Amino acid sequence: MNNKQRRVLVLFVDNSSGVLNRITLLFSQKGFNIETITCSVTCVPSISRMTIVTEGDDLHITQIMKQTSKLIEVHSVHLIDHCNSIIRDLLLVKIEIDDSNKRRVCDITNAHNGLILDIGSRSMIVEITASASIIDGYLEALKDFNILELSRTGVTSIQLGDDVPDMNIINNFEF
Amino acid sequence: MQLNGSDILIEVLIEEGVDTVFGYPGGAALNIYDAIYKYRDKIKHIMPVDEAGACHAADGYARASGKTGVVIATSGPGATNLVTPLATAYMDSVPLIAITANVPTSLIGKDSFQEVYIAGITMTITKHNFVVRDINDLANTIRKAFYIANTGRKGPVLIDIPKNITIAETEFVSKQKITPKPVQISSEDENTIKEVAKLINESKKPIIYFGGGAKDSSDKLREFMINSNIPSVHTLMGAGVLGYNEKLNIGLLGMHGSATANKVMNEADLILAIGTRFSDRVALNTSKFGGGAKKVHIDIDRSEINKNVNVDYSIIGDLNDVLDRFNKLVKRVKDDEWVKYLSDLISKEKEEDIKRNTNKDGIYPSRVMNIIGEKTKDAAIYVTDVGQHQMWAVQYIRHTKPRSFITSGGLGTMGFGYGASLGVQVAKPDRRVIHITGDGSFYMNLNEVSTAVEYNLPIISIILNNSTLGMVRQWQTIFYESRYSSTDINKKMDYVKVAEGFGAKGFRCETISEFESAFEEALKCKCPVWIECVIDKDLRVLPMIPAGGTVDDIIVD
Ligand SMILES: Cc1ncc(C[n+]2csc(CCOP(=O)(O)OP(=O)(O)O)c2C)c(N)n1
């Protein structure tokens, strides 16, 4: 049971103010660390999809899923199956370059399916959309270069195949 | 019909069946209070000394009546005064609606006079909260709040209403109250019930362990206990759910529970945890709790399952439904040996306890509790504060009915007692309310005696005065080599005079016979009464299992 590992949770929540606050408060109250959190509206305008990456063992994850499901604005909570999902993170990075190393940076970027968005006189901007581990690998490969600026979105995900997760609107009050 | 926000608020409260609210006015709440004036024939408003008193009163009202308590406070300091009482209600799953007024929306977020973000402050101590920003959302928000407060595991819900919303007008259509449905048992859990019933029928040493969650299922629980012949133990919050004189009710479990109750948990082969949450005051050592027994957890709140103690089976649902099913499936445990063994153990323990507490001069808390029980024919509602007196009360008051032992269990809030007593007495005007408190706790809320006097609430406060913060001092004695840092109370107050100053009546007793006659007098009074009982500051609540310990670490002397 005690297998502490990185987990990806997807929550369908009300698209209203204060929801993000309530969820992050719950995580901090229970002592859970949020590695990344992303949130955006879904195809149903009143519902947002939140993707949270956290670390913990089975017991902790079960507890956090039960606790978050109890929140009134949370419609459903899903633990993402890594094998059966597409999990993506987006990186924007500005790297310092000069004539001697420009070629090498381009090669590394191409090898990671990165997109070169801009090349200036002293720097280059790259975008990579990939799994978090590929992005980590890319940054590792760039460790001998000087990174001027870096921005990552955090993880977002979607399940493979035709199935769609149940947004299960449990708290839809009919008043 | 076209109504303003304040009238809509009161109309929906009436829809929800509310006839009494507790509260305290202020600038941002002026429109609401104007409506309270207008509707004074339909809704009674009670104004304690401060918002904390009002909120504890609404909580006590809810605990005693089973209805939803309602408290109203103004913005800023009015709202923040609700924090401790809301946390108290949240921890004990009490359905409560807190209405806070706020500065107008145009001033929100600008550090305006008396502005606080009370929704943010109370997020983790309420079941849910709302900020109403549009008059058209007001009525449904209040209806939702009542629904949420009363669905599944109950709890407090806060609604923050900016001042301009309380005066803005809109069309109001009244609606029928929506009664929350009981939590349905899933088909998977239906199967678990069958499996567990089989397990119960096969077990030799089963035990029921119940808590406050069972308070509205006391009849079904009693039926289950008696028909199955399974003994039971209870938590602090479970006091009163089953009568003290039930043969199979062994009594209190946990830190200050009986040695027998704690021992039984280690010897049982099957533990049925019902409406309880394995708190650290009961499952003091989570890894050793329950020894080798199979554990079954029956509760309404899924997130309690495997939170503190891992169980073998869990069933989620309304306890009345679940117990109904068990009552059909479970046979009587034929073997009386287990029951006899436990009754012998507990009677022996009780005898020893009586011996310890008699043949001594002075006032002994156990005797005080016994006398209270005898004189009220065990039919009063007992409200406590927090400390040693609370534990003596739960150990020795003879609870006979649910909702008759009212105490802050989860948060352990000193200063809960008087405010809660006000609400209890308002909810149950025909029953005697006995408030059992310590000098430390009493100082935290004795100002509310003036409210009891004002509203003619004949609450009797029994103050076990040991001139110290007894429970903390007890820990200092045991764990800090008697270094009594800031626990002794050296106030020179004359309780009798101060009581009279408030318009109440006061007694001071130094012997048990003085107490007996004072209590008899008090029962005849129609006004609030204080009875100060001078007790020895070195008395300890026993037995005691230190935090994190097991029954092997129990302190009995
Ligand atoms: C608001 C609050 N502050 C502090 C505590 C910590 N505390 C728990 S019991 C206790 C002592 C209570 O003293 P008293 O009311 O005199 O009761 P006694 O234990 O003497 O019966 C204290 C300070 C608390 N429970 N609540």
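The values are calculated or read from the model by the stated rules, or taken from the named source; none is laboratory data. Everything numeric in this text was worked out from a predicted model, so none of it was measured. Don't worry about glycine lacking a Cβ; one is built from the backbone with ideal geometry, like all the others, and counts go over all protein chains shown. Surface accessibility is based on the protein's heavy atoms, side chains included, excluding ligands, DNA and RNA. Shrake-Rupley method; radii C 1.70, N 1.55, O 1.52, S 1.80 Å.
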Discussion item. For the condition part of a loop (DSSP other than H, G, I, E, B), more than 14 Å from chain A (Cβ to nearest Cβ), more than 12 Å from the ligand (Cβ to nearest atom) and in contact (Cβ under 8 Å) with a residue 60 or more places away in the chain, what is the one hit in B:K526, B:K492?
Written reply: B:K526
Item to complete: Kindly indicate the residue of region A:70-102 that is open to solvent by less than 50 Å² (accessible area, probe 1.4 Å) and hydroxyl-bearing (S, T, Y) and also farthest from the other protein chains (Cβ to nearest Cβ) among those meeting that condition.
Response: A:S85
Discussion item. Within region B:150-188, take every residue that is within 11 Å of another protein chain (Cβ to nearest Cβ) and under 23 Å from the mean Cα position of the chain (by Cα) and give me the one that is surrounded by the most Cβ atoms within 10 Å (Cβ to Cβ).
Written reply: B:V157
Item to complete: Please note which strands (runs of 3 or more DSSP E) are completely contained in region A:72-142 and include at least 2 residues that are closer than 16 Å to A:V10 by Cα.
Response: A:74-79, A:85-96
Worksheet entry | Of all residues in region A:14-36 being in a loop (DSSP other than H, G, I, E, B) and of a type outside the set (A, V, I, L, M, F, W, C), the one that is nearest to the other protein chains (Cβ to nearest Cβ) | A:G18
Fill in: region B:529-557 - residue that is of a type in the set (A, V, I, L, M) and not in a loop (DSSP other than H, G, I, E, B) and, of those, farthest from B:V453 (Cα to Cα)
B:V551
Worksheet entry | Failed item, numbered, when A:V10 is tested on (1) within 19 Å of the chain's Cα centre (by Cα); (2) within 11 Å of chain B (Cβ to nearest Cβ) | (2)
Worksheet item: If you check every pair at least six apart or on different chains, which have Cβ atoms under 7 Å apart with a residue in region B:405-416 that is of a type in the set (S, T, Y) first and a residue that is more than 8 Å from the ligand (Cβ to nearest atom) and part of a loop (DSSP other than H, G, I, E, B) second?
Response: B:T407/B:L236; B:S408/B:D92; B:S408/B:F416
Discussion item. For the structure I just gave you, tell me whether B:I397 is open to solvent by less than 10 Å² (accessible area, probe 1.4 Å) and either more than 22 Å from B:C527 (Cβ to Cβ) or within 11 Å of the ligand (Cβ to nearest atom) (or both).
Written reply: yes
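This table checks each residue for (1) surrounded by fewer than 20 Cβ atoms within 10 Å (Cβ to Cβ); (2) within 22 Å of B:M237 (Cα to Cα); (3) within 16 Å of the ligand (Cβ to nearest atom); (4) touching a residue at least 12 places away in the same chain (Cβ under 8 Å).
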| position | (1), (2), (3), (4) |
| --- | --- |
| B:L422 | no, yes, no, yes |
| B:V433 | no, yes, no, yes |
| B:T437 | no, yes, yes, yes |
| B:F442 | no, yes, yes, yes |
| B:V453 | yes, no, no, yes |
| B:Q474 | no, no, yes, yes |
| B:I512 | yes, no, no, yes |
| B:A518 | no, no, no, yes |
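In region B:82-124, how many residues are part of a helix (DSSP H, G or I), touching a residue at least 24 places away in the same chain (Cβ under 8 Å), open to solvent by less than 30 Å² (accessible area, probe 1.4 Å) and within 13 Å of another protein chain (Cβ to nearest Cβ)? Let's see the steps before the verdict.
First pass over region B:82-124, keeping only residues part of a helix (DSSP H, G or I): B:83-91, B:105-107, B:118-121, B:123-124.
The next check asks that each one be touching a residue at least 24 places away in the same chain (Cβ under 8 Å); those that pass are B:83-91, B:105-106, B:118-119, B:121.
Add one more test, that the residue is open to solvent by less than 30 Å² (accessible area, probe 1.4 Å), and what stays is B:85-89, B:118-119.
Next, from what is left, pick out any that are within 13 Å of another protein chain (Cβ to nearest Cβ): B:87, B:118-119.
Residues meeting the conditions: 3.
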Item to complete: Select, from B:E351, B:E374, the only residue that is in a helix (DSSP H, G or I), open to solvent by 10 Å² or more (accessible area, probe 1.4 Å) and farther than 17 Å from B:C533 by Cβ.
Response: B:E351
Practice prompt. Residues being within 19 Å of the chain's Cα centre (by Cα) and part of a loop (DSSP other than H, G, I, E, B): count how many of those fall in region B:255-282.
Written response: 11
